[in-house]
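Encoded as structure tokens, the structure appears first; notes follow it.
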């Protein structure tokens, strides 16, 4: 779900699917011709589509980030992302759920990609009393939509259970007003041939369709007269975190 509130209203709700798996069990994703890991299949997962994008080990990459910031998340790390479909992939946002050895969620990494081929990651360390009503804040430092300036801040919220997941990301303009609300909510399904077959036909070419929808709604915003903002040069630092920002409960 996306909902823009000003200067022109625009919103949508679409069905979609993501894959979710512990990095330690990545090879277990491989399901023959239906789904491949680092190889071509009808759909699949390539390590180079996330994280360092240079062939480095994904677990080593994310654990180096966590350790450098003193975040004790030495348990399973679950990656939630869109799959490659017929060798095409576009992930608007990938989510790295970082747990400690007791299974408690300790940090989230929001890996954001824009349509210009750039990426930036927002790391959110979670408090010990983290609840479903806890919002984390981080300043916006990455250009995503050409209809939103690179200013203001994000507010993040997550509600993770054994059978379902909800992630909310709201954007507040420089004056503090809520300008964009987004949500990704769904239920986990088992990793079986039947599930892969079901989502393949229910959401065909899922990543390509997601990219087409992004451009379609960009056209709608142009028609509505929303000002187009030229992409600025990306900042050199490709990682930011919420250590010095607010934590609120509502």
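Among 168, 216, a tally of other beta-carbon atoms within 10 Å of each Cβ gives an order, fewest to most, of 216, 168.
Here 33, 191 are placed in order of increasing Cβ neighbour count within 10 Å, fewest first, which gives 33, 191. When both bridge partners sit in the chain, DSSP labels roughly 90% of those beta bridges antiparallel. The label point for residue 220 and the one for residue 159, both projected 7 Å from the Cα toward the Cβ, are 2.5 nm apart.
When shorter helices are ignored and each DSSP H run of at least 4 residues is given -39500 (n - 2.57), the per-residue value for the chain at 222 nm works out to -5000 deg cm²/dmol.
Taking the Cα atoms of the chain, the ratio Rg/Rh between the radius of gyration and the Kirkwood radius comes to 0.94. Cβ-Cβ distance of residue 64 and residue 39, R₀ of 30 Å, FRET efficiency by 1/(1 + (r/R0)^6): the value works out to about 0.70. If you run the Gaussian network model on the chain, springs between alpha carbon atoms under 10 Å, then out of 180, 108, 86 the most flexible one is 86. Each peptide in 136-145, 34-43 gets a packing score, the mean of other Cβ atoms within 10 Å over its residues, and the list from highest to lowest is 136-145, 34-43. Once both labels are positioned 7 Å from their Cα atoms along Cα-to-Cβ, the gap between residue 132 and residue 201 label points is 3.3 nm. Sequence-distant contacts, meaning Cα pairs under 8 Å at least 6 residues apart, place the relative contact order of the chain at 19 percent. By the beta-carbon count within 10 Å of each Cβ, the least crowded to most crowded order of 130, 82, fewest first, is 130, 82.
The numbers here are math on the coordinates, done by the rules we state, and not lab data. Being a predicted model, the structure only gives us computed values, none of them experimental. Virtual Cβ from ideal backbone geometry, glycine too; neighbours counted across all protein chains shown.
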